[in-house]
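Worksheet for the structure shown next.
The values are calculated or read from the model by the stated rules, or taken from the named source; none is laboratory data. Treat the numbers as computed from the prediction; the structure is a model and nothing was measured. All Cβ positions, even for glycine, are placed from backbone atoms using ideal geometry, and neighbour counts span all protein chains on display.
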Amino acid sequence: MEPILEIKNLTYTYSIGTPFEHTALDQVSFRVNWGEFIGIIGHTGSGKSTLMQQLNGLLKPTSGTVMLDGKDIWSDKKLTREARFRVGLVFQYPEYQLFEETVYRDIAFGPKNMGLSAEEIDRRVREAAGFVGLTEQQLEVSPFDLSGGQKRRVAIAGVIAMEPEVLILDEPTAGLDPMGRSEILGNIQAYREAKNATIMMVSHSMEDVARLTDRLLVLNGSKLAMEGTPGEVFQHAEQLQQMGLNIPQVTQVFLHLRRMGLDVQSVYTIEQAVEALKRLKGGTVQC
């Protein structure tokens, strides 16, 4: 089966021909399969946000191609427009982009631009609101009367209402408390499961990407430095730390145990840590 997205030798340079010229992405290539949950990590300035904007046609590559379902999204204007609906992008702090008089109208904005019927728009708005935990009553209030976490849900619902096959999120839990983070990540998982959607998520939380994702892309210095399952990537903990990245806290603990001479494998989730400690202690660890 063709991947849903394929990026080939993607390069993007800002302000070409000026003193501010800067290459944000340099010869980046990877594939994203249907239904995958991909995590994207990298230090600030590594090109993560620029990459996200390439994937749905907001930015045009300086060179290289972005293939959506086997077709170059820049080969035809219709394909570029189509990509912006099939690949939904939620920016960091999306609540600052709300502008309509009611929550309902804000969520409906994208579907209206798709030229859908009023009945289909209504279905999508209410279904998207359900995915993110908004009530019927909240649909009729101003989004500016909601809490920060609720505004975040409205913004995500506005993208979900377009029913994108690929949902891209740039730091969707930034600035939220632990409960808010958990709820937003649960909303994303619910959409993925209900629509069999492909998810790509930029995050600085190594715990979140370790727990949720199928595969990680690691950007460093405008290049794709590493990719693989969370287990494969976090095996290179020292290299990640040299890139200025954190690693899951349980991974740090087990690296320390290995330095002490204990025979333990690297782990990256609490569940794996519990099992490893059970084996180490002969199954006597109490959980």
Just to be sure I understand the filter: pairs with C-beta atoms under 8 Å, separated by 6 or more residues or on different chains, first member in the stretch 128-150 and more than 12 Å from Val103 (Cα to Cα), second member surrounded by 18 or more Cβ atoms within 10 Å (Cβ to Cβ) and modelled with pLDDT under 90. Which pairs pass?
Gly148/Glu95
When you check Lys112 against the structure, is it over 16 Å from the mean Cα position of the chain (by Cα), of a type outside the set (Phe, Trp, Tyr) and not in a loop (DSSP other than H, G, I, E, B), yes or no?
yes
Name every residue in the stretch 182-205 that is surrounded by fewer than 16 Cβ atoms within 10 Å (Cβ to Cβ) and under 14 Å from the mean Cα position of the chain (by Cα), in order of residue number.
Gly186, Gln189
Kindly indicate whether any position in the stretch 164-179 is outside any helix (DSSP H, G or I), hydroxyl-bearing (Ser, Thr, Tyr) and over 30 Å from Lys78 (Cβ atoms).
yes
For residues that are within 16 Å of Gly110 (Cβ to Cβ) and outside any helix (DSSP H, G or I), tally how many sit in the stretch 127-146.
2
Do any strands (runs of 3 or more DSSP E) entirely within the stretch 182-252 hold 1 or more residues that are modelled with pLDDT of 90 or more and closer than 19 Å to Gln92 by Cα, and if so, which?
198-202, 215-220
Might you let me know whether the stretch 219-226 holds any residue that is more than 20 Å from Asp26 (Cβ to Cβ) and surrounded by 22 or more Cβ atoms within 10 Å (Cβ to Cβ)?
no
Note down all Cβ pairs under 6 Å where the first residue falls in the stretch 171-185 and is of a type in the set (Val, Ile, Thr), the second is outside any loop (DSSP other than H, G, I, E, B) and surrounded by 13 or more Cβ atoms within 10 Å (Cβ to Cβ), and they're at least six residues apart or on different chains.
Thr173/Arg181; Thr173/Ile184
Counting only strands (runs of 3 or more DSSP E) entirely within the stretch 1-49, those with at least 1 residues that are more than 21 Å from the chain's Cα centre (by Cα) and free of Cβ contacts under 8 Å to residues at least 60 places away in the same chain are 5-14, 22-32
